[in-house]
1. When the dipole is taken about the Cα centre of the chain, and only Lys, Arg (+1) and Asp, Glu (-1) are charged at their Cβ, what size is it in debye, to the nearest 20?
2. Using a Förster distance of 45 Å, how high is the FRET efficiency between ARG236 and LYS102, based on the Cβ-Cβ distance and rounded to 0.05?
3. With equal scatterers on the alpha carbons only and no solvent term, can you work out the Debye log10 of I(q)/I(0) for the chain at 0.11, 0.12, 0.13, 0.16 1/Å?
4. For the stretch 2-61, just run the numbers: alpha carbon Rg, then divide by 2.2 N^0.38 Å, N being how many residues it has.
5. Which angle from 0 to 90°, rounded to the nearest 10, does the C-alpha axis of helix 94-103 make with the longest principal axis of the chain?
6. Using modelled backbone amide H atoms (1.01 Å from N, in-plane), which distant-in-sequence or interchain residues come within less than 5 Å of ALA162's amide H?
7. Give me the one-decimal nm value for the distance between modelled label points at TYR222 and MET114, 7 Å along each residue's Cα-to-Cβ direction.
8. When only C-alpha pairs under 8 Å and at least 6 residues apart count, what is the relative contact order of the chain, in percent?
Amino acid sequence: MKIERLYAITLYLLNHGRTSASTLAAYFEVSPRTIQRDIDSLCLAGIPVIAIAGASGGYELSDSFQFDKNFATPEDYACLLTALHGLVSATCDPKAKHLLEKIIPLSKSNETGMILDFSILREGEQTTLQLLQTAIAEKHAVQFSYTNNNNETRLHCVEPIAVLYRWYAWYLLAYSKAKKDYRTYKLIRMHQISLTSQPFEQEHVAADVILKENDRNDSRQYTQILLKCQESAKMRVMEYLKGTILETNSDGSFLMQATIVENEHLWLGTLLSLGDAVEVLSPEHVRTRLSTAAEKIVALYKKT
């Protein structure tokens, strides 16, 4: 395990440059003291790691250090090609395209048995993604209006750290200058986005470290729901709600369990769309919410 971590630390420093012991400790989920011992081991092995003192200090590799160009196998390069094809299909990023051209000659076989086609992710988001990537590269703040889950719209000015795709949507990870904290913003909810001339007011640690810490402090309210599901809706509950079967009932229906996020609405629309093929058995407040929504829909269509 230690050998793998030493190798990973070398790669991290090679890819990210000067990095503090605390950032490395957070990334590799070990103590700063363990990182210090690992750095000592790397130095003893001949890896030229330089320690820089001071507030902006940390560890970095000497400019003279180079990895063996044959450290990766043709199969490794085939995996890289698959990932790069996916990235290009999602963003049309010119840098990714250029890198793809560099990697292709290094791979004897481009086949991994997998194709990542994310072209649908570009729809409606490409201009926004390009603007945000420019802001991240230039380290300039962006300004936009944002409508939250409660339908409240406010103006935000943030320092963008990274764009990411998760939970079936694009998000911006950024430092909120007003809240003095890191937040994620759903791109589809951002409007009137503009690149400002304001440079970042501070240095930020690696995006993956920030994201991991944000996930630990996730304030969303998760609730487990119990459902009675007919055969006709079973696969859709499994697909859209990640439902799991607990048992099969004597009438051929299924007792299923799923987890929802209270202040999000996708699950509500999914359950309503399944009609009488799914019944939420518990908790009661979710049953009430579904019943109220259904009654409003029925009342609306009765009027017409």
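What follows draws every value from the coordinates through simple rules; no lab data is involved. Only a predicted model underlies this, so the values are computations on that prediction, with no experimental measurement involved. Methodologically, a virtual Cβ is constructed for each residue, glycine included, from the backbone with ideal geometry; neighbour enumeration extends over all protein chains shown.
1. 680
2. E(calc), rounded to 0.05, equals 0.55.
3. Those come out to -0.97, -1.09, -1.20, -1.36, one per q.
4. Normalised Rg, Cα atoms only: 0.98.
5. It is inclined by approximately 60 degrees.
6. Under 5 Å from the amide H of ALA162 lie the amide H atoms of LEU173, each far enough along the sequence or on another chain.
7. 2.4
8. Computed over the chain, the figure is 10 percent.
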